[in-house]
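Q: Structure in C-alpha cells, see below.
Every number in this text was worked out from the coordinates using simple rules, so none of it is lab data. What you see is a predicted model; the values in this text were computed from it and never measured. Here the Cβ positions follow ideal geometry from the backbone for every residue, glycine too, while neighbour counts run over all protein chains shown.
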Amino acid sequence: MQKKIVIIGGGISGLATAYSLEERAEREGKSVSITLLEKKNQIGGNILTERVGDFLIEGGPDCFLSEKPWAIQLCERLGMRESLLRTNDEFRKTYILWNGHLYELPEGVILMIPTEIFPLLKSNLISLSGKIRMGMELFIPKKESSDDESLSQFVRRRLGQEALDKIAAPLVAGVHAEDPDTMSVKSRFPRFVQMEEEYGSLIKGMIAKRREMRMAGSKGNKPKYTMFMTLKDGLSEMPATIVQNLKSTEILTNKEVLSVDKVSSNVILSEAKNLNHVVSEAKLMKHKYKVSLKNGEVLDADTVVFASPSYETARLLTGIDDSISDLLNKIPYTSTATVSLAFKKDSIFHPMNGFGFLVPSQEKRRITGATWVSRKFSYRSPDDSVLIRCFIGGSHNEKLIFLNDKDMIEMVKRELRDIMGITSEPLLTRIYRWERAMPQYTIGHEGRLSILDKKLSEYPGIFLTGSSYRGSGISECIKDGQLTAESVLKYLNL
Ligand SMILES: Cc1cc2nc3c(=O)[nH]c(=O)nc-3n(C[C@H](O)[C@H](O)[C@H](O)COP(=O)(O)OP(=O)(O)OC[C@H]3O[C@@H](n4cnc5c(N)ncnc54)[C@H](O)[C@@H]3O)c2cc1C
C-alpha cells in the first residue's frame with residue numbers, strides 16, 4: 001500500500017520538503033502520496049511579492065544569501081536560472097546611523113568582522129580606540145569552554161563594545177529582529193564559533209575564507225552570484241514554481257490543521273482484522289497518525305511533517321506529548337512589519353549611494369533600518385521613481401507593529417525626513433505586518449533541540465522542519481526541508 005505523507009504548512013519549508021520527497025522518490029523509481037495542508041488561501045508563507053503598478057514590492061524576505069547555496073541550487077533545478085537576479089554591486093554599501101548621521105560601514109567588514117585594514121582605518125564610524133580594539137582580536141586567545149554564549153558576550157569578548165554597538169547589534173536587529181543579549185551565537189553564527197576554534201581569530205578566519213573565495217573566483221571572470229540574490233519577478237516566483245513542478249503532491253489551501261493524534265497499534269490491528277488483513281509486528285511498531293482539520297475532515301498519515309511555526313506545532317502536538325509542546329513553546333518569536341514607500345526620484349535629494357542603512361538601538365529611533373530597494377535591485381521601480389523599504393518592530397520595539405496604518409505611515413515618513421531629509425509625499429505606501437514570524441534562537445537553543453530530537457524519537461513518523469529550528473533564512477529552510485525529506489523516505493523504507 002502507498003505510504004501517506006502529510007505536510008503541514010505551505011511556506012518554503014513545507015514546499016521544499018515536498019519537492020525533495022518527489023525528487024528523491026523519483027530517483028529511486030518509487031512513488032509517494034503527499035498531501036500538503038496550508039491554512040491560508042495561498043502558499044508561500046512569509047514569502048510575499050506584490051505588484052503595484054510598475055513597482056515590485058516584497059512584503060517579507062527580499063533576497064537570499066548566495067553563500068548558503070541551497071536556494072540557488074533549488075532554483076537551478078527548477079529551471080529558474082534565468083530568473084536569478086544579482087544585486088547592483090556599484091551600490092554595495094551599507095550605512096549605520098550614529099548620532100543622527102549616516103556613516104558608511106567600512107568596506108571589507110563582512111558580517112561584523114573586519115577583513116581589510118585600510119577601509120577600517122579610514123572609517124569615520126569607528127573611533128580610534130574602537131579600531132585598535134577590533135584589531136586586537138587577532139591576539140585574543142580563544143574561549144576555553146564550549147558553552148553557548150550570547151552574541152553580545154561573544155562580540156564584546158572578541159571585537160569590543162563599539163563593534164557590538166555600531167555593527168553587530170544593528171545587523172542582527174535588522175536581519176533577525178533579535179536581541180543580541182539573548183541571541184545564541186552557537187545557533188545563529190555557528191561559523192564564527194568554528195572560526196574561533198579553528199583559527200584562534202575571526203579576522204584570520206575571515207581573511208582565509210576570502211582568499212579561498214578569490215582563488216575560486218579567479219578561475220572565471222566575474223563571480224556568478226553576488227552576496228545577496230533574488231528573483232527578477234520577486235521571491236514569490238520560487239514557491240509558485242515549486243508548485244508547478246510538483247507532480248504527485250496534492251496541495252490544499254484553506255485547510256487549517258487543528259490537531260494531530262496518534263492511532264494506537266490496537267486500533268490499527270482491529271481495523272486490519274475487520275478487513276481480514278494480516279498485520280506484521282514490524283508494521284505495528286510504526287505509528288499511524290490522524291490529522292484533523294478545522295472543516296471536520298480527518299486524514300490518515302503514516303508520516304506527518306510539521307512545517308508550521310514551532311508554537312503552532314506545539315499546539316497541534318498537545319494530544320501526543322505535552323513535554324514536546326513545552327519544549328517547542330520555549331522558542332520565542334517576535335513580530336515585525338515592513339513598510340514600503342515609493343517617491344518621485346526628483347523629489348529626493350539624498351544620494352542613496354548604497355543598499356540602505358541600519359539603526360542601532362542607542363539612536364532611539366522607531367525604524368530598525370531601511371533598504372534602498374531600487375538601488376539594491378533592478379526591476380523594482382520605474383526609472384523616474386525610488387522605492388524604500390523600512391523595518392519596524394523586533395525584540396526592542398515589537399508593539400509598534402500594532403499602530404494603525406495611518407499612524408504607522410506618518411511615523412515612517414517622520415523617520416525618513418529626520419534620517420534622509422525626505423519631505424515629499426510618497427507616491428504609494430504598503431504595510432505588511434508579520435506577527436510572531438521571527439523565531440528567536442536564544443542561548444541554549446541547540447541544547448533544547450537535542451532534547452527535542454530525543455523526545456521525538458519516541459514518535460516515529462513525526463518530523464519537524466522550518467525556520468524555528470536550524471536556521472531561518474530561506475536557504476537554510478530549503479536545506480532543512482531536503483534533509484527532512486531524506487529522513488522521511490528512510491523511515492518509510494523508500
Ligand atoms: C519580514 C521578514 C523579512 C525576512 N527577510 C528575509 C530575507 O531577506 N532573506 C531570508 O533568507 N529570509 C528572510 N526572512 C525569513 C524567511 O522569510 C522565513 O524564515 C521563511 O520564509 C520561513 O519559511 P517557513 O516555511 O519555515 O515558515 P512560514 O513561511 O511561516 O510558513 C509556515 C506556513 O505554515 C502555515 N500554517 C501554520 N499553522 C498551520 C496549520 N495549523 N495548518 C495548516 N497550515 C499552517 C502558515 O500559514 C504558513 O504558510 C524574513 C522573514 C520576515 C518575516
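Q: What is the dipole size for the range 109-218, taken about its Cα centre, with +1 at each Lys and Arg Cβ and -1 at each Asp and Glu Cβ, in debye to the nearest 20? Could the numbers behind the result be given before it?
A: On the way: 17 positive and 15 negative charges, 109 e Å.
Roughly 520 debye, rounded to the nearest 20.
Q: Also, I was wondering about something else. Out of Cys63, Ile126, Leu400, whose Cα points farthest toward the positive end of the dipole of the chain (charges: +1 Lys, Arg; -1 Asp, Glu; placed on Cβ)?
A: In the chain, that residue is Ile126.
Q: In addition: Multiplying the sequence separation of Ser259 and Asn329 by 0.36 nm and subtracting their Cα-Cα distance, what value in nm do you get? Spell out each step's value before the answer.
A: Details: separation 70, 0.36 × 70 = 25.20 nm, distance 1.60 nm.
Stretched fully, the Ser259-Asn329 segment lengthens by 23.6 nm.
Q: Let me ask something else about it. If the only charges are +1 at each Lys and Arg Cβ and -1 at each Asp and Glu Cβ, what is the size of the charge dipole of the range 333-439 around the Cα centre, to the nearest 20 debye?
A: On the way: 17 positive and 12 negative charges, 33 e Å.
So the dipole magnitude of the range 333-439 works out to roughly 160 debye.
Q: Please compute the net charge surrounding Ser145, taking Lys and Arg as +1 and Asp and Glu as -1 over other residues with Cβ under 14 Å from its Cβ.
A: Working: positive: Lys142, Lys143, Arg157, Lys186; negative: Glu144, Asp147, Asp148, Glu149, Glu196, Glu197.
That works out to -2.
Q: Taking 7 Å along the Cα-to-C-beta vector as the label spot, tell me the Tyr225-Ile117 distance in nanometres, rounded to one decimal.
A: 3.3 nm
Q: Same structure again: Once you put a point 7 Å from the Cα of Met213 and another 7 Å from the Cα of Gln362, both along the Cβ direction, what distance in nm separates them?
A: 2.7 nm
Q: What shape does the chain have by the C-alpha gyration tensor, where a ≥ b ≥ c are the square roots of the eigenvalues, rounded means a/c under 1.5, and otherwise prolate means a/b greater than b/c and oblate the rest? Before the final figure, lay out each step's value.
A: Details: a/c = 1.92, a/b = 1.58, b/c = 1.22.
Judged from the Cα gyration tensor, the chain comes out prolate (a/c at least 1.5, a/b above b/c).
Q: Relative to the present Cα-Cα distance, how much length would full extension add between Ile110 and Ser450 at 0.36 nm per residue of separation? If you can, show how the numbers build up before the last one.
A: Details: separation 340, 0.36 × 340 = 122.40 nm, distance 3.03 nm.
Here the answer is 119.4 nm.
Q: If you don't mind, another one. So, by mean Cβ neighbours within 10 angstrom, what's the order for 86-94, 43-51 with the highest one leading? Show your work: numbers first, answer last.
A: On the way: 86-94: 15.7, 43-51: 19.6.
Put in order of decreasing packing, that is 43-51, 86-94.
Q: Quick check on packing: order 296-303, 59-66, 387-394 by the mean number of other C-beta atoms within 10 Å, highest mean leading.
A: Top to bottom by mean Cβ count within 10 Å: 387-394, 59-66, 296-303.
Q: Something else about it: Taking a spot 7 Å from the Cα of Ser248 along the direction of its beta carbon, which residues of the range 1-20 have an amide N less than 11 Å from it?
A: Under cut-off, by backbone N: 2-5.
Q: Applying a 10 Å radius around every beta-carbon, put 442-451, 23-32, 170-179 in order of their mean neighbour count, most first.
A: Values: 442-451: 16.1, 23-32: 14.0, 170-179: 23.3.
With the highest mean Cβ count within 10 Å placed first, the list reads 170-179, 442-451, 23-32.
Q: Another question, if that's okay. Just subtract the alpha-carbon distance of Phe91 and Phe349 from 0.36 nm times their residue separation and send over the number in nm, one decimal. Walk me through the intermediate numbers first.
A: Working: separation 258, 0.36 × 258 = 92.88 nm, distance 1.67 nm.
Length gained between Phe91 and Phe349: 91.2 nm.
Q: Another one. With the convex hull built on the Cα atoms of the range 25-83, state its orientation-averaged projected area in nm².
A: Working: hull surface 26.3 nm².
Computed as one quarter of the Cα hull surface, the answer is 6.6 nm².
Q: Another one. Which residue, Thr303, Pro351, Leu449, has the largest displacement toward the positive end of the dipole of the chain when charges sit on each Cβ (Lys, Arg +1; Asp, Glu -1)?
A: Toward the positive end, the furthest listed residue is Pro351.
Q: If R0 is 35 Å, what FRET efficiency do you get for His101 and Gln42 from their C-beta distance, rounded to 0.05?
A: It comes out at approximately 0.25.
Q: For the pair Ser424/Glu410, report the inter-label distance in nm, with labels modelled 7 Å from Cα in the Cβ direction.
A: For Ser424 paired with Glu410, the spin-label model returns 2.4 nm.
Q: Further question: Among DSSP bridges having both ends in the chain, what percentage is antiparallel? Round to the nearest 5.
A: Counting only bridges with both partners in the chain, antiparallel ones make up about 70 percent.
Q: Also, I was wondering about something else. Taking the Cα centre as origin and putting +1 on Lys and Arg beta-carbons and -1 on Asp and Glu beta-carbons, what dipole magnitude results for the chain, to the nearest 20 debye? Write down the numbers at each step before the final one.
A: Numbers: 69 positive and 63 negative charges, 143 e Å.
Around 680 debye, computed over the chain.
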